Amino acid sequence: MKAFDMLPPIFSALPAGFPSVTQVMARFLGLPRRGIGLALYLVDKEVSCGIAVRKEVDMCRKLMGVLGVLALLAALATPAVAQEKEYGWKTDGKRYWRTEEMVKPFVMPATYLKEVAAGEEKAGDVQGFKYLGKRTEIVYFRETPFAEAPKGHECTWKMVYEKKAVNKLHFCLVNGAEKACPGMNLAGECLGMK
């Protein structure tokens, strides 16, 4: 039994000027008149399988493909987030190449190298060079622990280059961290504290 045999009886009682069901289906499918039999066979076959429109098959295939890609990305994204990597440059003195390395969290060092005055060198000091104009001098550096960050609030300023101009920049040191400051009044009090 074909799909078109299941049509209600009203379609059989249409006047002679109306196009037949096969002509309507041929126009709907965009086929020439010679391909009507093949088209009706394909449509009938799909209707009998429970699929009413041919475009649903393509849409279902595309939707399943997108869902498959999303599932693959979700499966691969979890380990990628856990292992943060960045690229670094390695050299053997002659050639450079780029390698992928694990990111180590930044830890503030507890010491820094401070220049030692001439004649006060001790065992364990690191020899280095310092530029004086066009010449270089040999100097010694010693590992020194950082001073404790000052507690409280201190308002100050510094001169900075911005593009081609020199500007006076006000800032506040709050527990050792720089923060933006609107400036100071004539008495030298911070305007950001009020």
Could you list, in sequence order, the residues of the range 120-156 that are touching a residue at least 24 places away in the same chain (Cβ under 8 Å) and in a strand (DSSP E or B)? Val139, Tyr140, Phe141, Arg142, Glu143, Thr144, Pro145, His153, Cys155
Does the range 169-186 contain any residue that is in contact with a strand residue (DSSP E or B) (Cβ under 9 Å, 6 or more places away or on another chain), farther than 30 Å from Trp89 by Cα, basic (Lys, Arg) and assigned to a strand (DSSP E or B)? yes
Could you please tell me which pairs satisfy a Cβ distance under 7 Å, a separation of 6+ or placement on different chains, a first residue in the range 164-181 that is at pLDDT 80 or above, and a second residue that is surrounded by fewer than 10 Cβ atoms within 10 Å (Cβ to Cβ) and part of a strand (DSSP E or B)? Val166/Met159; Lys168/Met159; Phe171/Ala180
Residue ID - surrounded by the most Cβ atoms within 10 Å (Cβ to Cβ), chosen from residues in the range 102-119 that are of a type in the set (Val, Ile, Thr) and in a loop (DSSP other than H, G, I, E, B): Val103
Among the residues of the range 120-176, which ones are under 22 Å from Met108 (Cβ atoms), basic (Lys, Arg) and surrounded by 11 or more Cβ atoms within 10 Å (Cβ to Cβ)? Arg142
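The values are calculated or read from the model by the stated rules, or taken from the named source; none is laboratory data. On a predicted model such as this, the values are computed, not experimentally measured, just so you know. We place every Cβ from the backbone using ideal geometry, glycine too, and count neighbours over all the protein chains shown.
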